[in-house]
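Data first, discussion second: the structure below is written as structure tokens.
Where a number appears in this text, it was derived from the coordinates with a stated rule and is not lab data. If you're wondering where the values come from, they're calculated on a predicted model, not measured in any experiment. Note: ideal-geometry Cβ built from the backbone for every residue, glycine included; neighbour counts use all protein chains shown.
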2 protein chains.
Amino acid sequence: MATGLMKTIGAGELSTADIDHEVTLAGWISRRRDHGGVIFVDLRDSTGIVQVVLNPEDAPASEEVLHGLRLEYCVQVIGTVRARPEGTTNDDLATGAVEVVASRLNVLSESDVLPFQLDDRVEVDEALRLQYRYLDMRRSRMSENLRARSQAIRAMRHVMDEEGFLEVETPTLIASTPEGARDMLVPSRLRKGNFYALPQSPQLFKQLLMIGGVERYYQVAKCYRDEDFRADRQIEFTQLDFEGSFWGQEDVLEVLDKVARRVVHDLRGTTIEGDFTRLTYAEAMSRYGSDKPDLRFGMELVDLSDVFASTGFKAFAGVLESGGAVQAINAGALGLARSGLDAQVSRAQELGAKGLVWMVVQEGGTVRSPVAKFLSDEEIQAIVVALDASEGDTLLIVADRLRVVRNVLGQLRLDLGKPDNNDELAFAFIVDFPVFEVDEDGKLSPAHHPFTSPANIEEMINTPETAISKSYDLVLNGTELGSGSVRIHDADVQAKVFEVMNISAEDAEHRFGWFLEALRYGTPPHAGFAIGIDRFVSILRNEPNIREIIPFPKTQTGADPLTGSPSRVEDDQLAELGIEIRTSVLDAWAEREEDSQQQ
Amino acid sequence: MATGLMKTIGAGELSTADIDHEVTLAGWISRRRDHGGVIFVDLRDSTGIVQVVLNPEDAPASEEVLHGLRLEYCVQVIGTVRARPEGTTNDDLATGAVEVVASRLNVLSESDVLPFQLDDRVEVDEALRLQYRYLDMRRSRMSENLRARSQAIRAMRHVMDEEGFLEVETPTLIASTPEGARDMLVPSRLRKGNFYALPQSPQLFKQLLMIGGVERYYQVAKCYRDEDFRADRQIEFTQLDFEGSFWGQEDVLEVLDKVARRVVHDLRGTTIEGDFTRLTYAEAMSRYGSDKPDLRFGMELVDLSDVFASTGFKAFAGVLESGGAVQAINAGALGLARSGLDAQVSRAQELGAKGLVWMVVQEGGTVRSPVAKFLSDEEIQAIVVALDASEGDTLLIVADRLRVVRNVLGQLRLDLGKPDNNDELAFAFIVDFPVFEVDEDGKLSPAHHPFTSPANIEEMINTPETAISKSYDLVLNGTELGSGSVRIHDADVQAKVFEVMNISAEDAEHRFGWFLEALRYGTPPHAGFAIGIDRFVSILRNEPNIREIIPFPKTQTGADPLTGSPSRVEDDQLAELGIEIRTSVLDAWAEREEDSQQQ
């Protein structure tokens, strides 16, 4: 580290090689022990911790200062490095073989009493941590997370540089489109009553860069989406965004593979062996009931429709007759009591199934199950064989519409099998996504943005419900890290896609006219991808959510407890922008205030 | 370059080493010559240009396709590299010794007729270039500028990495402060009637990072300022922002020096010799009449107050008596006729001077000047000596209040001496800026944000008008590239500074309470800087404004002619955000529309 003038070396950099050297340190007091006169202090800075010995006889500072030292005071120490006395070395500390005997101590800045202990072993309420994020950052968990995030981005950039990508910054004050219901808007001062939008992604701009001949673009891009907050979402988030011309899916996946390996290498120090698993969307859905399967464990979905093709068990027969499916997972030796098995049934119902049939395999291939008496021995035998079940295994069967079956079993599979940490990493490319999602009522809606290339435009027109698009995801341990696609590079195909998606030519022109025009000037074939950086790093760091990875995150309701944003602003500031707050909102405020006064 | 599956090598990468090799190229047709059957095409991609020979006899495509080829069609070419026939090599082209004889040509994408010629030698209206930025980018000027911008940022990051800085992303949806008149606001959907602000800089967040123990932070930060557009301003702009703890001014300047040298090296391929010039603010103002002096030429301001101490020339005597100054520059051998000299007088008046006295030095040390008759021989002699003038030199004298004198002479100096390109580079550190700026009426206003450390808090309190702060600028060729300061790290000093700046304790608490609290937990001494990336690159690229460096800039009125932003949005979209457009703005729109209908 470039240490500057106030310190000559980092606290954590000291070793026996420095013995007898005079050093100047600066950092924070993270621990303090008064041993009858001599004071021992743990001095922490960004490089680590070292023990400092403050002997009043050496007069490193006045008695008053020495005894006034408190936790998190920021101090400068001049002293001599020495080996710790025999028997007092600390193997838990990188610098545990040495200590610094202070000849001088300067208090650079005092500290108030802390709102919470910085000791990592102390559990602190997240709201409090966010309000005092700057103190939270002094704890090793957060400081290591910040470092990891920086390393991950650097690793990504290295690959991009090596592969000849150009870093290009796209604008963040862009045009809002009438569909942009989730756009965050920014009122313009110079053109009152008009608005910029913050980008949900640099999608169209990066396509313009391809049209502009850039060929290889990347950006660590800040994106914005004004949506209800879920555990792993933030209104502003950061993606590694890249795009290439004269490229197809394989070119993108090749780069993506390098990026993922490099990040893992730099953060974990390990090398991923072998190829990433590749599954089609259809395969992932059928085997795991999910388009982002966690591949670290089996428990695959097994179709039992054949087994029950002519069953006498009416519940299953009825489902099969009406076109539904009967599928199951072998959850292994769960060893659950009746109450535990019933809880699985409730969970399945909560997930949307009408019911769940459980079976516990007994000695000799028989099963214990509420429905055992309705099934023939052959059927039970066939189930056991199909699920490769052994004595003690718990089998969970769902009979319902296929989408329900997959959703419920896919989720139960995760409930029962997902490892509780991310020490093991299982990457997967999911390819051949459908063009349209089919909802409960059979209604089609586009699965991706309308610039995604269909595998075949005729197929998209003729059999939209089964048509495949040239899109792909990268999945890690059951989490989607990002997605991408081959884009449409032909204005006529683009027009047809809008048509199939029920976007009228007029509407398309109104919303994307400038882009459709751009497509007409020799657009190269191109494809790209975007990876959510915080999500990726949070998995590698074994963190439960992305707020642990983001230096200054918002809460789930979009607030920052530290600075108080979002907040009210002065009326004249709004007037300058040509806007005002709606009467209904003001009324709601007034009502709330009245309520709180009455209480 | 990772070429992908559709091409095996870049057009510009071909050389005689590739002769007899089969290659697959992909790019755009940038030139086309039909030589009686055989068609010669210049194929351009992001690596350069190569000549492709399309001989209909080889049937690389149908006659119809070959004759239908137009400029900017996007094509793929498979062919064999050969040496160009003797006498047809093109030394202007890096690949001019070879050409590719096509065995196959595929049109990947056709192009409409272009709105302007992509030939770099053709001057195109900027509005049109911005509307079709993606075509503008295919011209070498823009594509080289994009590349240079990417290189500059990479160079900066290399230095930051080498110096142990951590890249940390600070939020862009932050709290607006009541003073934030230039804040861009973002209405919150979840908390209707509340607003986020876009950051004018990451200032307080980077200071929080220092409090959080990060010690070395950097970020390529997007910043926003909603101001009237000047030639070199954009509402969104990008800075290299960095900050260090246990740091003072010298530590910052040392890193800054490395950053600047590295960028110049990587973009220009040259090494800056010697140290950067260092001037105090006072020195810069007195010698150059500017706090961002262009040091590539002399023409320094010379004070003549002593010369005229007891002059009989009433105009000068009066100014000196009332506490003003008489100063001059030696503009050298301008060779201006009377009309040219008069133009200088007009210019000086336009700049705020009451007048300007010119003198042209004649043989024997006499001068030609409208005021020569009012001056004694001794005075003229003293002027000539003071300005080190030779025969033919033009001397320009201004007598006025000191601030006017400096402003006018500083500007005339630039008018007459500033080189018209940036081939030569003159960096300067300007240090010791005053705490306060003194306006025309002697009123004090803070010269920097209120977190800037004064050199001495007592001096700031007792003699605010002359007090110095620990702030500094980096200047290149007369342009301020950026500024920084040592920050206040003591809550008590911060409180006093607010007081001297007439910010009441209550107001400070309301605006920055959360930050003032943070200062109380062991804040380390810290200092930092921010460099405007686009400004720096535009100078190194010899570009007249930053719009030439920004991939998708806004016009001077904040509009994007390409996408049409900012734009109107649907009422229900605004309703969702809890805001509406003010009646007065709607009325103004209606009026304008009525007017345009009547015309």
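Can you list residues from other chains, or at least 5 along the same chain, whose modelled amide H is less than 5 Å from the amide H of B:Arg104?
Hits under the 5 Å cutoff: B:Ile78.
For the range B:11-109, I need the span (max minus min coordinate) of the C-alpha atoms along each principal axis, in Å, sorted largest to smallest.
32, 27, 23
Report the relative contact order of chain A, percent, no decimals, based on alpha-carbon pairs under 8 angstrom and at least 6 residues apart.
Numbers: 1088 pairs, mean separation 77.1, N = 599.
Reported as a whole number, the value is 13 percent.
Check cross-link reach from A:Lys192 to the lysines: straight Cα distance under 22 Å, and skip same-chain residues fewer than eight apart.
Output for A:Lys192: B:Lys192, B:Lys554.
Apply the a/c threshold of 1.5 to the C-alpha gyration tensor of the range A:27-67 and tell me whether it is rounded, prolate or oblate. Provide the component values of the computation, followed by the final result.
On the way: a/c = 2.37, a/b = 1.92, b/c = 1.23.
Cα axes put the range A:27-67 in the prolate bin.
Note down the nm distance, to one decimal, between modelled labels 7 Å out along Cα→Cβ at A:Glu57 and at A:Glu440.
Computed distance between label sites A:Glu57 and A:Glu440 equals 8.1 nm.
List the distances, in nm and shortest first, from the label point of B:Glu57 to the matching label points in every other copy, placing each point 7 Å from Cα along the Cα-to-Cβ direction.
Copy-to-copy label distances at B:Glu57, shortest first: 10.3 nm.
Just flag the GluC sites (Glu not before Pro) in the range B:81-168 sitting in loop per DSSP whose Cβ has no more than 10 other Cβ atoms within 10 Å.
Working: sites: B:Glu86, B:Glu99, B:Glu110, B:Glu123, B:Glu126, B:Glu144, B:Glu162, B:Glu163, B:Glu167; in loops: B:Glu86, B:Glu110, B:Glu123, B:Glu163.
Within the range B:81-168, the qualifying GluC sites (Glu not before Pro) (loop, at most 10 other Cβ atoms within 10 Å) are B:Glu86, B:Glu123.
Summing -39500 (n - 2.57) over the DSSP H runs of n ≥ 4 in the protein assembly as shown and dividing by its residue number, what mean residue ellipticity at 222 nm do you reach, to the nearest 500 deg cm²/dmol?
On the way: 34 runs with 368 residues, N = 1198.
Using -39500 (n - 2.57) per qualifying helix, the result is -9500 deg cm²/dmol.
Note the angle between two axes, namely the Cα long axis of helix A:402-417 and the longest principal axis of the Cα atoms of chain A, as a number of degrees from 0 to 90, rounded to the nearest 10.
Value to nearest ten degrees: 30.
Mind computing the radius of gyration and Dmax over the alpha-carbon atoms of the range B:298-417? Å is fine for both.
Answer for the range B:298-417, Rg first and Dmax second: 12.8, 35 Å.
Using all Cα-Cα distances in the range B:217-372, what percent lands in each 5 angstrom bin from 0 up to the longest?
That works out to 1, 6, 9, 12, 15, 14, 10, 9, 10, 8, 4, 2, 0, in percent per bin.
Beyond 45 Å, what share of the Cα-Cα pairs of chain A remains, rounded to the nearest whole percent?
Values: 67532 of 179101 pairs.
Roughly 38 percent, rounded to a whole number.
Give the residue list of GluC sites (Glu not before Pro) in the range B:1-75 that are DSSP loop and have at most 10 other beta-carbon atoms within 10 angstrom. Kindly include the intermediate steps, with their values, before the conclusion.
Details: sites: B:Glu13, B:Glu22, B:Glu57, B:Glu63, B:Glu64, B:Glu72; in loops: B:Glu72.
Hits after loop and neighbour filter: nothing returned.
Which FRET efficiency, nearest 0.05, do A:Arg338 and A:Ser310 yield, Cβ-Cβ r, R0 35 Å? Please report the intermediate quantities before stating the final value.
Values: r = 31 Å, r/R0 = 0.88.
The value I calculate is 0.70.
Pairs A:Lys206/A:Lys470; B:Lys222/B:Lys418; A:Lys354/A:Lys418: which are spaced more than 21 Å apart, C-alpha to C-alpha? It would help to have the intermediate numbers written out before the result.
Values: A:Lys206/A:Lys470 18 Å; B:Lys222/B:Lys418 31 Å; A:Lys354/A:Lys418 24 Å.
Checking Cα-Cα distances, B:Lys222/B:Lys418; A:Lys354/A:Lys418 exceed 21 Å.
Can you tell me what share of the DSSP beta bridges in the range B:11-109 is antiparallel? A percent to the nearest 5 is fine.
90 percent
Suppose we look only past 44 Å in the calculated P(r) of the protein assembly as shown. What percent of the Cα-Cα pairs does that tail hold?
On the way: 369790 of 717003 pairs.
Roughly 52 percent, once rounded to a whole number.
How high is the FRET efficiency between B:Ser504 and B:Ser103 when r is their beta carbon distance and R₀ equals 56 Å, given to the nearest 0.05? Please list the in-between numbers first.
Details: r = 81 Å, r/R0 = 1.44.
Calculated value: 0.10.
Tell me which residues come under 5 Å, amide H to amide H, from B:Arg31 once H is placed; ignore anything under 5 positions away on its chain.
Those qualifying (amide H under 5 Å, at least 5 residues apart or on another chain) are B:Asp42.
So if a site counts as exposed when it's one of the trypsin sites (Lys or Arg not before Pro), its DSSP state isn't H, G, I, E or B, and it has at most 11 other Cβ atoms within 10 Å, what's the longest stretch of chain A without one? Mind showing how you got there, number by number?
On the way: sites that count: A:Arg121, A:Arg230, A:Lys443.
It runs A:231-442.
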